[in-house]
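The values are calculated or read from the model by the stated rules, or taken from the named source; none is laboratory data. Quick caveat: nothing in here was measured; it's all calculated off a predicted structure. Virtual Cβ from ideal backbone geometry, glycine too; neighbours counted across all protein chains shown. We work out accessible area using only protein heavy atoms, side chains counted, and drop any ligands, DNA or RNA first. Shrake-Rupley method; radii C 1.70, N 1.55, O 1.52, S 1.80 Å.
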Amino acid sequence: MNPKQPYIGYKSSFGKKDKYRIVLIPWFADFLSPLIPALAHLAGYRFVNCPKTSKTSAEIGLRYGNNEVCYPATLVLGDLIAELQTGKYDLNNVAVAITQTGGQCRATNYLGMIKQGLKNAGFENVPAIAVTLGDGVHQNEQKGFKLPIMKIFNIGVNALFFGDALFQMFSAATVREKSIGQSQKFFDFYIEEARKITLENKPSKLLSLLKNAVDDFNSIEIIEKKLQKVGLIGEIFVKYNNYGQVHITEWLRAHNCEVLVPPMASFFLQTFVNQYVNHQNGINRKNVITFTFLPLLYKFLNKRQQKFEKIMEKSRFYHKHASIFELSQYAKEILDLSNQFGEGWLIAGEVANFSRQGINRIVCIQPFGCIANHVVAKGIERRLKQHYPDMNLLFLDIDGGMAEVNLHNRLHFLINE
């Protein structure tokens, strides 16, 4: 590059005139991604899911991105470019979007890499959007995109709780079912029904739908067999995205392990603990309205979550998860709650919660080089083992150049000890 040549930034931004565009989003989790376009429709946008992440996504992401960024960034970029390359979309009528976490995670800065990748692939006229629930968008001009939180809040909350509950039932049933594929059939049916209800914006109907789902999953004929329970924790993308985790969950199930994954809701609910801790530490100041509003909001969300939990108690293999404030108390035994980067203190809290439930085999997965999660995962391994000596912890780093056989060998050691 000529040092005298002026820098030319990304050509396109999402303006008010662009609201008509189709917005492509990368596939995230099977129990949540199908519901996102319906929520976006209620918000006035046309979101379309990319196909599920695949080897093609990884190859394209590496080709047009930077192989030194974390693996989820590579896959997300690959998902978007692969879909644009199909030729199905008018490039004057399409945009792309990703979530933006803020804070220390590199996901805050994914947009710059994605824009460069789109530019490298010849799609620099396609606007890129950052979708966030936090304190605003970082480093991205998008005057035409504003998420109407209050408009979709009620149905969005119920959709998240429903997805968590459905995934828990599926995980318990699929490893025990006598007729292979029965639980997947039910899962696909109920996630589609949930999508329709979300599109109708009828939150209470998701509670009724969950009751029906509990009955159907309870009716699945199972094989009585001894299963090892394995907790799966770690970075949010690789924890819930099947390809992103190299299908570790499927491998464990194939080896007679029931995989228990904490609900995604915990990732979002931890902000209520973080806000309180940061206020106590003088990091942020709450005004009277915020100080009053946050506890009321948590009380509302907790009450709503309990409605779903009450229905789930009738599920045959119901697994109760601790509340976010219980998890924070467990985590305080291991590290200071000021550790909020990456998954934050949540990793320590989830390890402690599993231990208290007698689950002493845990896989913690994270993208290779994810410094935020290395600090609050591998960085506290000694303290975790001091507090929970019976705990068998396996930390796995996921990357595009890893050998799957190496991961499987290490998993064998975990489940055969």
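Looking at Gly156 and the list (1) in a helix (DSSP H, G or I); (2) small (Gly, Ala, Ser); (3) touching a strand residue (DSSP E or B) at 6+ places or on another chain (Cβ under 8 Å), which single condition is not satisfied?
The single condition Gly156 does not satisfy is (3).
Would you check if there is a residue in segment 395-403 being without any contact (Cβ under 8 Å) to a residue 12 or more places away in the chain, over 24 Å from His319 (Cα atoms), part of a helix (DSSP H, G or I) and not charged (D, E, K, R)?
no
Would you please name the residue that is farthest from Gly144 (Cα to Cα), looking only at residues in segment 38-86 that are assigned to a loop (DSSP other than H, G, I, E, B) and under 18 Å from the mean Cα position of the chain (by Cα)?
Within segment 38-86, the match that is farthest from Gly144 (Cα to Cα) is Ser54.
Being under 22 Å from Arg253 (Cα atoms), of a type in the set (Gly, Ala, Ser) and either free of Cβ contacts under 8 Å to residues at least 60 places away in the same chain or surrounded by 12 or more Cβ atoms within 10 Å (Cβ to Cβ) (or both) narrows it down to one residue among Ser219, Ser204; which is it?
Ser219
Within segment 95-112, can one find any residue that is open to solvent by 30 Å² or more (accessible area, probe 1.4 Å), over 30 Å from Val375 (Cβ atoms) and either at pLDDT 90 or above or more than 20 Å from the chain's Cα centre (by Cα) (or both)?
no
Check whether at least one residue in segment 349-359 is touching a Gly at 6+ places or on another chain (Cβ under 8 Å) and within 21 Å of Asn242 (Cα to Cα), and report yes or no.
Yes, that holds for at least one residue.
Return the only residue of Phe317, Phe300, Phe308 being open to solvent by 20 Å² or more (accessible area, probe 1.4 Å), in a helix (DSSP H, G or I), more than 29 Å from Gly400 (Cβ to Cβ) and not basic (Lys, Arg).
It is Phe300.
List the residue pairs whose Cβ atoms are under 8 Å apart, where the first residue sits in segment 1-27 and is over 25 Å from Phe237 (Cβ atoms), the second is modelled with pLDDT of 85 or more and among the acidic types (Asp, Glu), and the two are 6 or more positions apart or on different chains.
Matching pairs, first to second residue: Lys11/Glu124; Ser12/Glu124.
May I ask you to say which residue of Tyr330, Tyr388 is within 26 Å of Gly282 (Cα to Cα) and hydroxyl-bearing (Ser, Thr, Tyr)?
Being within 26 Å of Gly282 (Cα to Cα) and hydroxyl-bearing (Ser, Thr, Tyr) holds for just one of Tyr330, Tyr388, which is Tyr330.
Identify, by number, the condition in (1) surrounded by fewer than 22 Cβ atoms within 10 Å (Cβ to Cβ); (2) at pLDDT 95 or above that Gly231 doesn't meet.
(1)
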